[in-house]
Amino acid sequence: MNPTIKQTHEIKVIGLSTKTKLNESQDILGLWKQFMPRKHELKHIVSEEFIAIQIFNLQESGEPKTEFDIWACVEVANFNAVPQSMKSFSIPSGTYAIFLHKGMDAGLTYQKIMTEWLPNSGYKIDNRPHFQIMGAKYKNGSSDSEEDFYVPIQLLEE
């Protein structure tokens, strides 16, 4: 696992969100099924890429709480036209480790990031949103699908 380490700018998004629990992937699928038919309502879209966000609330131990927020959204230039029942959100700027994910087993990729890459990386997870960018090579349900996983990190204190 050789991620790209990148400082990102603030990313403005508009979309739909809901709360879910770990291992409840049906909530994620349901959210995207609600969002996709409404994408045409969005104005000021920056790119054709889709963004999936997870906002974890961390326990004192640094582990995520069971319930967290998920988003199905796209990047926009501004929040001037938020469609009814959609929400706006800004992903804060910061340092991210970006991993290329191939296939459909996101859980396995995250497990490898957390158990293999992270302990030896010199970084720890930062308390900012995790997100995936699904671009032209994303093919929902296909084993040759590709997307980028953005994992928020900060240097370990020495």
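The values are calculated or read from the model by the stated rules, or taken from the named source; none is laboratory data. As the structure is a prediction and not an experimental result, all values here were calculated from the model. All Cβ positions, glycine included, derive from the backbone under ideal geometry; neighbour counts span all protein chains shown. For the accessible areas, the whole protein counts, side chains as well, though only heavy atoms, and no ligand, DNA or RNA atoms are used. Shrake-Rupley method; radii C 1.70, N 1.55, O 1.52, S 1.80 Å.
Can you go through Tyr110, Tyr138, Tyr96 and tell me which one is crowded, with 16+ Cβ neighbours inside 10 Å, touching a Lys or Arg at 6+ places or on another chain (Cβ under 6 Å) and of a type outside the set (A, V, I, L, M, F, W, C)? Steps first, please.
Details: Tyr110 fails: touching a Lys or Arg at 6+ places or on another chain (Cβ under 6 Å); Tyr138 fails: touching a Lys or Arg at 6+ places or on another chain (Cβ under 6 Å).
Result of the check over Tyr110, Tyr138, Tyr96: Tyr96.
Out of the residues in segment 24-40 that are without any contact (Cβ under 8 Å) to a residue 24 or more places away in the chain and of a type in the set (S, T, N, Q), state the one that is surrounded by the most Cβ atoms within 10 Å (Cβ to Cβ).
Selected residue: Ser25.
Picking from Lys87, Lys21, Lys33, which residue would you name as being closer than 28 Å to Tyr123 by Cα and out of contact with any Lys or Arg (no Cβ under 9 Å at 6 or more places or on another chain)? Can you show your working first?
Numbers: Lys87 fails: closer than 28 Å to Tyr123 by Cα; Lys33 fails: closer than 28 Å to Tyr123 by Cα.
Of Lys87, Lys21, Lys33, the one residue that is closer than 28 Å to Tyr123 by Cα and out of contact with any Lys or Arg (no Cβ under 9 Å at 6 or more places or on another chain) is Lys21.
Quick check on segment 59-81: of everything there that is farther than 17 Å from Ile28 by Cα and open to solvent by less than 60 Å² (accessible area, probe 1.4 Å), which residue is modelled with the lowest pLDDT? So that I can check it myself, show each step before the final result.
Going residue by residue through segment 59-81, those that are farther than 17 Å from Ile28 by Cα are 59-65, 75-81.
Narrowing further to those that are open to solvent by less than 60 Å² (accessible area, probe 1.4 Å): 62, 64, 75-76, 78, 81.
Numbers: Gly62: 57, Pro64: 65, Glu75: 98, Val76: 98, Asn78: 97, Ala81: 94.
Restricting to residues being farther than 17 Å from Ile28 by Cα and open to solvent by less than 60 Å² (accessible area, probe 1.4 Å), the top hit is Gly62.
Name every residue in segment 96-125 that is part of a helix (DSSP H, G or I), in contact (Cβ under 8 Å) with a residue 40 or more places away in the chain and closer than 12 Å to Asn2 by Cα, in order of residue number.
Passing the criteria: Lys112, Ile113, Glu116, Trp117.
Scan segment 141-152 residue by residue and report those that are open to solvent by 50 Å² or more (accessible area, probe 1.4 Å) and either more than 21 Å from Ile70 (Cβ to Cβ) or in contact (Cβ under 8 Å) with a residue 40 or more places away in the chain (or both). Walk me through it before giving the result.
Initially, segment 141-152 is screened for residues open to solvent by 50 Å² or more (accessible area, probe 1.4 Å), giving 141, 143-144, 148.
Ser143, Asp144, Asp148 - these are the residues of segment 141-152 that are open to solvent by 50 Å² or more (accessible area, probe 1.4 Å) and either more than 21 Å from Ile70 (Cβ to Cβ) or in contact (Cβ under 8 Å) with a residue 40 or more places away in the chain (or both).
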